[in-house]
Amino acid sequence: MIEVKDLKKSFDDKEVLKGITTTYEAGKTNLIIGQSGSGKTVMLKTLLGVHIPDSGQILFDGRDFATLDPNEKRTLRTEMGMVFQGSALFDSMNVEENIGFPLKMFTKKSNAEIRDRVQEVIDRVKLIDANKKMPSEISGGMQKRVAIARAIVNNPKYLFCDEPNSGLDPKTSIVIDELIQEITHEYNITTVINTHDMNSVLQIGEHICFLKDGKLVWEGNSEEIMKTDNEDIVDFVYSSELLKEIRRFHTGKK
Amino acid sequence: MIKMLANIGKYFIMLGEIFRRPTKWRIMRNLIFKEIDELIIGSLGIVAFLSFFIGAVVTIQTALNLNNPIIPKYLIGFTARQSIILEFSPTFVSIIMAGRMGSYITSSIGTMRVTEQIDALEVMGINPLNYLVFPKLIASITYPFVIALSMFIGIFGGYIAGSLGGYLAAEEFVKGLQDDFIPFHIVYAFIKTAVFGFILATVPSFYGYYMEGGALEVGKASTKSFVWTSIAIIICNYILTQMLLA
Ligand SMILES: Nc1ncnc2c1ncn2[C@@H]1O[C@H](COP(=O)(O)OP(=O)(O)OP(=O)(O)O)[C@@H](O)[C@H]1O
Ligand SMILES: [Mg+2]
């Protein structure tokens with residue numbers, strides 16, 4: 001579980017996160033949605049500790065990142081996995097080496113143990129015939145699978161995904177979404193996902209935070225988001241004329 | 001101007017960061033070998049090629065300018081040796097390396113920045129500056145070998161051009177090479193080379209690491225990196241020459 005309390009973050013004079021309070025529960029896919037530039041990536045990177053918050057608190061199962069000593073920080077770091085928007089695979093390493101990298105870096109496992117664990121997650125994300133390939137030689141969907149495998153190889157408690165669907169076709173997107181959701185349930189991970197893909201929102205939105213200009217303006221799940229009258233949400237969800245027409249047809253609302 | 005000073009400050013802070021939170025030795029060792037292979041071994045071919053022909057041209061030019069009969073021919077060998085050891089190999093070759101090594105370093109680190117690979121390292125709790133720049137810095141310790149090779153081949157090129165072109169006899173060239181030999185000149189040349197090696201590893205890393213934007217900016221960063229690496233080399237060359245020889 002991750003508790004966020006009145007989180008604020010500015011760059012130079014620009015206030016990007018304006019006091020966000022929410023709770024992300026374990027075993028759930030928590031979504032952050034919002035328009036481009038609303039602060040989703042900054043939010044995720046602040047949770048990860050890449051950006052240092054100006055004020056507010058982030059508690060990881062009660063542990064406040066800011067007050068931990070270096071050793072505890074390192075431990076907490078190894079409990080986090082991250083899937084980047086562009087996958088961010090190391091292009092000097094093949095698929096296996098990419099996935100095994102966190103283990104090689106942070107565990108005392110032998111090469112044989114690493115190999116076994118890597119194969120286990122490769123099977124889990126259903127990567128077929130790719131072990132020795134370089135990232136540039138595989139498709140975007142496969143790169144995402146590798147990125148997910150690398151993120152979960154060290155059994156994280158917390159998994160962060162920045163727009164896991166960007167650059168994927170709708171069908172592959174759903175497969176990747178479902179994979180992330182399955183893994184979240186299976187290992188009881190606290191998963192936080194950035195997205196502006198409405199399909200994902202409906203498919204795996206167990207808890208949704210809507211960000212607008214750095215403020216959290218709405219929270220709920222995928223059923224509630226379809227019913228709400230919140231103007232910002234309606235505006236975001238029914239972005240095209242076609243969708244607005246459908247909404248009018250079903251609800252009689254304008 | 002203020003931005004330049006800020007950048008210089010940022011550069012020195014980066015130098016300190018390189019040594020913090022070191023990466024596991026087992027992994028670092030492989031990275032170092034890889035960088036030596038890429039940056040040093042990979043440069044030998046072009047350096048040998050350039051050195052041979054520039055050594056040859058320097059000798060021919062000197063011969064053509066020293067055609068007064070009262071000047072002894074062996075001075076051609078002497079002059080060629082001095083220009084190659086003192087300036088051509090350490091300074092000129094380093095500027096060319098600013099293009100080859102420098103743009104490789106800037107574009108590889110810059111690409112990692114724009115594709116979030118650096119963020120990925122950071123998230124895993126790795127110090128990206130140590131992981132990426134330290135092995136290049138260690139590899140650059142072997143850079144003086146490149147320059148030593150360049151000196152030998154440059155002088156060899158002069159020897160071949162001088163004798164084959166009929167400018168002077170081979171024995172006269174060798175006599176000139178040994179004439180008035182000052183060992184400190186070699187020391188001076190290698191002090192310069194070590195400093196240039198350090199610049200070649202760190203300045204391009206700086207431009208790659210702190211770049212912003214996308215793929216287009218990687219190209220721009222490489223160009224900027226080449227310009228500033230060359231400027232740093234030229235200025236250090238001036239300062240070191242003034243300090244060590246004057
Ligand atoms: N490192 C940074 N320095 C300065 N400003 C930044 C930095 N990172 C983000 N910003 C600014 O913060 C704002 C929010 O950016 P962010 O990347 O979080 O948006 P986003 O919601 O993820 O958008 P997208 O959907 O396009 O990914 C933007 O205006 C951006 O310019
Ligand atoms: Mg983003």
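The values are calculated or read from the model by the stated rules, or taken from the named source; none is laboratory data. As the structure is a prediction and not an experimental result, all values here were calculated from the model. Heads up, the Cβs are rebuilt from the backbone with ideal geometry, glycines too, and the neighbour counts pull from every protein chain shown. Ligands, DNA and RNA are stripped out before the accessible areas are found, and what is left, the full protein with its side chains, is counted by its heavy atoms. Shrake-Rupley method; radii C 1.70, N 1.55, O 1.52, S 1.80 Å.
Sorted from largest to smallest, which semi-axis lengths in Å does the alpha carbon gyration tensor of segment B:108-167 give for its equivalent ellipsoid, taking the root of 5 times each eigenvalue?
Values: eigenvalues 408, 33, 3 Å².
Taking √(5λ) for each Cα gyration eigenvalue gives 45, 13, 4 Å.
Take every Cα-Cα distance within segment A:1-78, group them into 5 Å bins from 0 onward, and report for each bin the whole-number percent of pairs it holds.
Going from the shortest bin to the longest, the percentages are 3, 14, 25, 26, 18, 10, 3, 0.
Once you've got the GNM for chain A with C-alpha springs shorter than 10 Å, pick whichever of A:LEU59, A:LEU17, A:LEU47 has the biggest mean-square fluctuation.
Of the options given, A:LEU59 has the highest mean-square fluctuation.
In the protein assembly as shown, what percent of the accessible surface is made up of carbon and sulfur (1.4 Å probe, ligands and nucleic acids excluded)?
C and S fraction of accessible area: 60 percent.
Please work out whether segment B:155-213 counts as rounded, prolate or oblate from its C-alpha gyration tensor, where a ≥ b ≥ c are the square roots of the eigenvalues and a/c under 1.5 means rounded, while otherwise a/b larger than b/c means prolate and anything else oblate?
On the way: a/c = 8.36, a/b = 2.33, b/c = 3.59.
It is oblate, given that a/c is not under 1.5 and a/b is not larger than b/c.
Looking only at other chains, what is the average number of their beta-carbon atoms within 10 angstrom of each beta-carbon in A:41-50?
Numbers: counts 1, 0, 0, 0, 4, 0, 0, 3, 3, 5.
For this peptide, the per-residue mean of nearby foreign Cβ atoms is 2.
Using just the helices of chain B, give the 222 nm mean residue ellipticity in deg cm²/dmol: DSSP H runs with n ≥ 4 each add -39,500 (n - 2.57), and the total is spread over all residues, rounded to 500.
Numbers: 11 runs with 191 residues, N = 246.
Roughly -26000 deg cm²/dmol at 222 nm, from the helical runs in chain B.
Could you report the buried accessible area between B and A, both sides summed, computed with a 1.4 Å probe and given in Å² to the nearest 100?
Details: alone 12590 and 12910 Å², together 23670 Å².
The summed interface area works out to 1800 Å².
Counting only other residues whose beta carbon sits under 13 Å from that of B:ILE233, what net charge do I get with K and R as +1, D and E as -1? Display every interim value, and only then the final one.
Numbers: positive: B:LYS192; negative: B:GLU87.
Net local charge, B:ILE233 excluded: 0.
For every other residue with a beta carbon closer than 12 angstrom to the beta carbon of A:PRO170, add +1 if it is Lys or Arg and -1 if Asp or Glu, then tell me the sum. Walk me through the intermediate numbers first.
Numbers: positive: A:LYS171; negative: A:ASP169, A:ASP177, A:ASP197.
With Lys, Arg at +1 and Asp, Glu at -1, the net is -2.
How far is helix B:215-244 tilted, in degrees, relative to the longest principal axis of the Cα atoms in chain B, given as a value from 0 to 90 rounded to the nearest 10?
Approximately 50 degrees, to the nearest ten.
Specify the inter-centroid distance of segment A:91-160 and segment B:1-71, based on alpha-carbon positions, in whole Å.
Taking the Cα centre of each part, segment A:91-160 and segment B:1-71 sit 36 Å apart.
Average projected area of the Cα convex hull of chain A, in nm²? Intermediate results must be reported in sequence, preceding the final value.
Values: hull surface 58.6 nm².
That works out to 14.6 nm².
Relative to the longest principal axis of the C-alpha atoms of chain B, give the angle of the C-alpha long axis of helix B:2-17, reported between 0 and 90° and rounded to the nearest 10°.
Compared with the principal axis, the helix lies near 80 degrees.
Pop the C-beta distance of B:VAL57 and B:ILE141 into the FRET formula with R0 = 35 Å and round what comes out to the nearest 0.05.
Values: r = 31 Å, r/R0 = 0.88.
Working from the Cβ atoms, E equals 0.70.
Quick one: compute the contact order of chain B, relative version, from alpha carbon pairs under 8 angstrom and 6+ residues apart, as a percent. Before the final figure, lay out the partial values.
Values: 313 pairs, mean separation 83.8, N = 246.
This gives 34 percent for chain B.
Indicate, rounded to the nearest 5 percent, the antiparallel portion of the DSSP beta bridges found entirely in chain A. Before the final figure, lay out the partial values.
Values: 21 of 40 bridges.
The answer is about 50 percent antiparallel.
According to a simple spin-label model (label point 7 Å from Cα along Cα-to-Cβ), what is the distance in nm between A:LYS171 and B:ALA194?
Between B:ALA194 and A:LYS171, the label points sit 6.4 nm apart.
Tell me, what is the percent relative contact order of chain A, built from C-alpha pairs under 8 Å that lie six or more residues apart? Could the numbers behind the result be given before it?
Working: 439 pairs, mean separation 69.6, N = 254.
Reported relative contact order: 27 percent.
Over segment A:182-254, how many percent of alpha carbon pairs lie in each 10 Å bin up to the one with the longest distance?
Pair shares across the bins are 16, 49, 26, 9, 0.
Using Cα springs under 10 Å in a Gaussian network model of chain A, which residue among A:PHE106, A:PHE160, A:PHE60 shows the largest mean-square fluctuation?
Highest fluctuation of the listed residues: A:PHE106.
Percentage of Cα-Cα pair distances in segment A:89-155 greater than 14 Å, rounded to whole percent? Write down the numbers at each step before the final one.
Numbers: 1091 of 2211 pairs.
Here the long-distance tail beyond 14 Å is 49 percent of all Cα pairs in segment A:89-155.
Taking the Cα atoms only, what angle lies between the long axis of helix B:93-114 and the longest principal axis of chain B, rounded to 10 degrees?
10 degrees
Considering only protein heavy atoms, what per residue accessible area in square angstrom results for the protein assembly as shown with a 1.4 angstrom probe? Let's see the in-between values first.
Details: 23670 Å² over 500 residues.
Accessible area per residue, the protein assembly as shown: 47 Å².
Rounded to the nearest 5, what % of the DSSP beta bridges within the protein assembly as shown are antiparallel ones?
On the way: 21 of 40 bridges.
Antiparallel bridges: around 50 percent, rounded to the nearest 5.
Among A:ALA112, A:PHE90, A:PRO102, pick out the residue whose Cα is farthest towards the positive end of the charge dipole of segment A:89-155, where Lys and Arg carry +1 and Asp and Glu carry -1 on C-beta, about the Cα centre.
A:PRO102
Going through segment A:72-158, which trypsin sites (Lys or Arg not before Pro) have at most 16 other Cβ atoms within 10 Å and a DSSP loop state? Display every interim value, and only then the final one.
Numbers: sites: A:LYS73, A:ARG74, A:ARG77, A:LYS104, A:LYS108, A:LYS109, A:ARG115, A:ARG117, A:ARG124, A:LYS126, A:LYS132, A:LYS133, A:LYS144, A:ARG145, A:ARG150, A:LYS157; in loops: A:LYS108, A:LYS109, A:LYS126, A:LYS132, A:LYS133, A:LYS157.
Of the trypsin sites (Lys or Arg not before Pro), the ones in loops of segment A:72-158 whose Cβ has at most 16 other Cβ atoms within 10 Å are A:LYS108, A:LYS109, A:LYS126, A:LYS132, A:LYS133.
For B:PHE134, what is the net charge nearby, where nearby means another residue's Cβ is under 13 Å from its Cβ and Lys, Arg count +1, Asp, Glu -1? Each step should come with its number before you reach the end.
Values: positive: B:ARG20, B:ARG21, B:LYS24, B:ARG29, B:LYS34, B:LYS136; negative: B:GLU17, B:GLU35.
Net local charge, B:PHE134 excluded: +4.
When only C-alpha pairs under 8 Å and at least 6 residues apart count, what is the relative contact order of segment A:89-155, in percent? Display every interim value, and only then the final one.
Numbers: 70 pairs, mean separation 34.5, N = 67.
Relative contact order of segment A:89-155: 52 percent.
List for segment B:123-169: residues with 50 Å² or greater reduction in accessible area, all protein chains versus chain alone, probe 1.4 Å?
The answer is B:VAL123, B:MET124 - residues whose exposure falls by at least 50 Å² when every protein chain is included.
Quote the Stokes-Einstein diffusion coefficient, in whole µm² s⁻¹, for segment B:43-244, based on the Kirkwood radius over alpha carbon pairs, a temperature of 10 °C and a viscosity of 1.306 mPa s. Don't skip to the answer; put the middle values down first.
Values: Rh = 18.4 Å.
The diffusion coefficient I find is 86 µm²/s.
Inside 10 Å of the C-beta atoms of A:82-92, what's the mean count of C-beta atoms belonging to other chains? Could the numbers behind the result be given before it?
Working: counts 6, 1, 6, 3, 4, 4, 9, 4, 5, 5, 5.
Across A:82-92, the average partner-chain Cβ count within 10 Å equals 5.
Share of antiparallel DSSP beta bridges in segment A:48-192, in percent to the nearest 5? Don't skip to the answer; put the middle values down first.
On the way: 3 of 10 bridges.
So the antiparallel bridges amount to about 30 percent of the total.
Along the three principal axes, how long is the protein assembly as shown when you take its alpha carbons, biggest first, rounded to the nearest angstrom?
Principal-axis extents of the protein assembly as shown (Cα, largest first): 107, 52, 47 Å.
I'd like the mean, over residues of B:19-29, of how many other protein chain beta carbons sit within 10 Å of each residue's own Cβ. Working shown, then result.
Numbers: counts 0, 0, 2, 0, 1, 3, 0, 2, 3, 0, 0.
Shielding by partners across B:19-29 averages 1.
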